[in-house]
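Asker: First the structure, which I've put down as structure tokens, then a few questions once you've had a look.
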Amino acid sequence: MPRKVIKKFLPEHRTLLESRWLRPFRALLHDPALIVPHRRGVARGFAVGLFWAFMPVPGQSIFAALSCIWLRVNVLVAMATTWITNPFTAVPFVLAAHWIGALILGPGTLPPPSPQALGEVDMLSLEALRAGWRELRELGGAFLLGALVMSTTSAVIGYVALNGFWLWSVRRRFAARRRGPSGVTIRP
């Protein structure tokens, strides 16, 4: 089932090779491990995407794609997964990362920024980037440590969960096929 769902959303391999936007990457696209939706590649690509989704860097999709090429896992799944963190989920992410980092570092860390201060800036302006950089420096180590813990933990949990779900669905489908259409178990 997961393979059928993923294949429904992924473009055909030939379509990707013929795309003019992907022409510079055509040599990389011939590697089937980067595109074909099989269990290990998709689960690892999902883990890579989750890791980069929670890292506080701009261009998370680019870092995810480069990591996937290096690790030879599914690029498209990883790039789509990085969009878990977006302008709508940024405030809860920052607060959660700071809370986790402060929990690990103990007392004496700076309090988290107010959600109102984080939500009032226009995310696309240069002043917003400067304000975000100042805010990041003020948050310091607690935020960065929390982001690293969140990204690593979510990658491990995401890999185990997706891999387990995939195996469960394949075993369930195999058992249903073995029972046959009438529900009677067919023995070889």
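The values are calculated or read from the model by the stated rules, or taken from the named source; none is laboratory data. As the structure is a prediction and not an experimental result, all values here were calculated from the model. Backbone-built Cβ (ideal geometry, glycine too); neighbour counts: all protein chains shown. All accessible areas refer to the heavy atoms of the entire protein, side chains included, with ligands and DNA or RNA removed. Shrake-Rupley method; radii C 1.70, N 1.55, O 1.52, S 1.80 Å.
Asker: Name the residues in segment 77-95 that are among the β-branched types (Val, Ile, Thr) and open to solvent by 30 Å² or more (accessible area, probe 1.4 Å), would you?
Answerer: Quick first cut of segment 77-95, residues among the β-branched types (Val, Ile, Thr) only: 77, 81-82, 84-85, 89, 91, 94.
Across segment 77-95, the qualifying residues are 84, 89, 91.
Asker: Residues of segment 49-76 being open to solvent by 20 Å² or more (accessible area, probe 1.4 Å) and touching a residue at least 60 places away in the same chain (Cβ under 8 Å), which ones?
Answerer: 51, 52, 54, 55, 56, 76
Residue by residue, here is whether (1) under 30 Å from residue 171 (Cβ atoms); (2) at pLDDT below 85 holds:
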residue: 10; (1), (2): yes, yes
residue: 44; (1), (2): yes, no
residue: 53; (1), (2): yes, no
residue: 56; (1), (2): no, no
residue: 77; (1), (2): yes, no
residue: 92; (1), (2): no, no
residue: 96; (1), (2): no, no
residue: 100; (1), (2): no, no
